[in-house]
Amino acid sequence: MKIVRNILAVIFGLIIGGFVNMTIITYGGAIIPPPDGVNPNDIESIKVNMHLYQKIHFVVPFLAHALGTFVGAFIASVISSSHQFKFAIVIGCFYLMGGIMMVFMLPSPMWFNVLDLTLAYIPMGWLGWKLSGKFISKTLEVNEENI
């Protein structure tokens with residue numbers, strides 16, 4: 001049963017983290033609009049118009065990558081029955097592979113690629129794991145008080 005729970009932890013972590021990532025990408029343009037004429041949901045439009053992007057336009061994708069990874073790692077850590085750290089880092093590695101693929105697909109500036117690949121994935125997986133331990137401890141405290 002522990003193995004099934006651990007597998008489900010990774011699956012739910014990836015799915016929920018991906019949902020967070022895509023939600024931020026989809027609706028982030030309402031907060032920081034993309035340059036005029038760019039369709040942020042069309043990778044070809046982004047490629048052709050990358051020269052129009054300013055530094056502020058990279059905030060939304062960075063937050064999407066970082067928060068998606070963080071939430072996925074947090075969920076995997078909370079759900080898993082053992083090896084919480086390993087599963088959080090597995091989530092970070094999965095999303096890091098996606099980030100590396102995006103580096104090859106989009107002509108993003110090098111500063112963004114370095115920032116994104118070094119801060120948005122493995123560190124956010126670690127942070128998700130770290131905060132999940134505090135969450136679990138608080139939940140156990142509250143449950144013990146109610147007993």
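Tabulated data
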quantity: On Cα atoms only, tilt of 122-146 relative to the major axis of the chain in degrees; calculated: 40
quantity: Phi to ³J(HN,Hα) by Karplus 6.51 cos²θ - 1.76 cosθ + 1.60 over the range 80-97, Hz, x for Gly, Pro; calculated: 5, 8, 7, 6, 4, 4, 4, 6, 5, 5, 4, 4, x, 5, 4, 5, 4, 4
quantity: Packing rank of 81-89, 15-23, where each peptide gets the mean count of other beta carbons within 10 Å, highest leading; calculated: 81-89, 15-23
quantity: For the chain, calculated [θ]222 nm from helices alone, where every DSSP H run of n ≥ 4 adds -39500 (n - 2.57); calculated: -25500 deg cm²/dmol
quantity: Theoretical FRET efficiency, 1/(1+(r/R0)^6), r = Cβ-Cβ of residue 7 and residue 102, R0 35 Å, to 0.05; calculated: 0.85
quantity: Equivalent ellipsoid semi-axes, the chain, via Cα gyration tensor eigenvalues times 5, rooted, Å; calculated: 33, 15, 12
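Coordinate-derived values only; no laboratory data. None of these values were measured; they are calculated from a predicted model. Cβ sites come from the backbone with ideal geometry, for glycine too, and all protein chains shown count toward neighbours.
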